[in-house]
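Enquirer: One structure follows; several queries about it will come next.
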Amino acid sequence: MVALAAPLVELLFMGDVSPSATRESVPLLRHLLHQLVSVVGAGNLFLAPFMPREHLHPMAAGTVVTLVSLPIYYWLYHLLGAMGLAVASDVGIALQTVSLAVLLHQRRMVSLASLDYAELGRCLLAGVGSGVGVWALFEALGRVLHRISPGQIYWTDLTVLLAGTALWVVVVKWVLEKSGSALPRVR
């Protein structure tokens with residue numbers, strides 16, 4: 001999605017917003033997509049073990065993180081504008097993830113030492129490898145299609161998104177299988 005952010009934004013907002021506003025929103029979307037990993041990590045990996053036992057400590061940690069994050073949001077917004085809000089959101093999510101990890105570690109619910117770092121590395125390799133491949137396809141295919149049919153931006157962007165998605169699936173599956181990941185076999 002990071003590699004395909006530009007055609008996605010163009011496709012979704014074509015004609016509704018100015019081309020300059022569309023171009024300005026692409027880096028924000030890319031930045032927010034990077035946060036998805038942290039959001040999933042904080043939500044699924046760290047909150048789940050607390051659910052059957054207690055809610056007070058994770059809620060208190062979240063409240064403290066929110067209070068600590070507010071001045072960060074204010075400062076980064078005034079320093080960087082909209083991108084500052086995205087960066088501040090990164091900081092807040094990272095603080096939330098770390099605080100929950102510390103709580104889990106203190107209660108011996110999840111050991112950070114027992115995480116499968118090799119599998120995480122294989123997933124990171126698949127993500128980066130597929131992202132680079134899709135980015136290269138986007139750059140090459142996008143330029144060719146825009147030259148061939150300059151007035152057909154909708155179909156050009158749709159073609160790039162579909163081709164990029166297909167390439168992503170193929171590359172991720174190939175990298176995970178070749179690196180020995182267990183994920184392709186999970187049903």
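Enquirer: So which trypsin sites (Lys or Arg not before Pro) in region 66-143 end up in coil per DSSP with only 10 or fewer other C-beta atoms within 10 Å? Before the final figure, lay out each step's value.
Expert: Working: sites: R107, R108, R122, R143; in loops: R107, R108.
Those that pass, being in a loop and sparsely packed, are R108.
Enquirer: So, one more: Skip the ligands, DNA and RNA, and give the accessible area per residue of the chain with a 1.4 Å probe, whole Å². Numbers along the way, then the final one.
Expert: Values: 11830 Å² over 187 residues.
Dividing the accessible area of the chain by its residue count gives 63 Å².
Enquirer: Now for a different question. To the nearest 20 Debye, how big is the dipole of the chain about its Cα centre, given +1 on the beta carbon of each Lys and Arg and -1 on that of each Asp and Glu?
Expert: Numbers: 12 positive and 10 negative charges, 100 e Å.
It works out to roughly 480 debye.
Enquirer: Put a dot 7 Å past each Cα toward the Cβ at W75 and S18; how far apart are the dots in nm?
Expert: 3.3 nm
Enquirer: Relative contact order, percent, of region 58-187 when contacts are C-alpha pairs under 8 Å separated by at least 6 residues?
Expert: Values: 80 pairs, mean separation 27.4, N = 130.
Reported as a whole number, the value is 21 percent.
Enquirer: Once a ≥ b ≥ c are taken as the square roots of the eigenvalues of the Cα gyration tensor of region 107-187, is the result rounded (a/c under 1.5), prolate (a/b larger than b/c) or oblate (a/b not larger than b/c)?
Expert: Numbers: a/c = 3.51, a/b = 2.92, b/c = 1.20.
Prolate shape, in that a/c is at least 1.5 and a/b is the bigger ratio.
The values are calculated or read from the model by the stated rules, or taken from the named source; none is laboratory data. Since the structure is predicted, the reported quantities are computational estimates derived from the model, not experimental observations. A quick note on method: Cβ atoms are made from the backbone with ideal geometry, for glycine too, and the neighbour counts reach across all protein chains shown. Quick note on the areas: whole protein, heavy atoms, side chains included, nothing else; ligands and nucleic acids left out. Shrake-Rupley method; radii C 1.70, N 1.55, O 1.52, S 1.80 Å.
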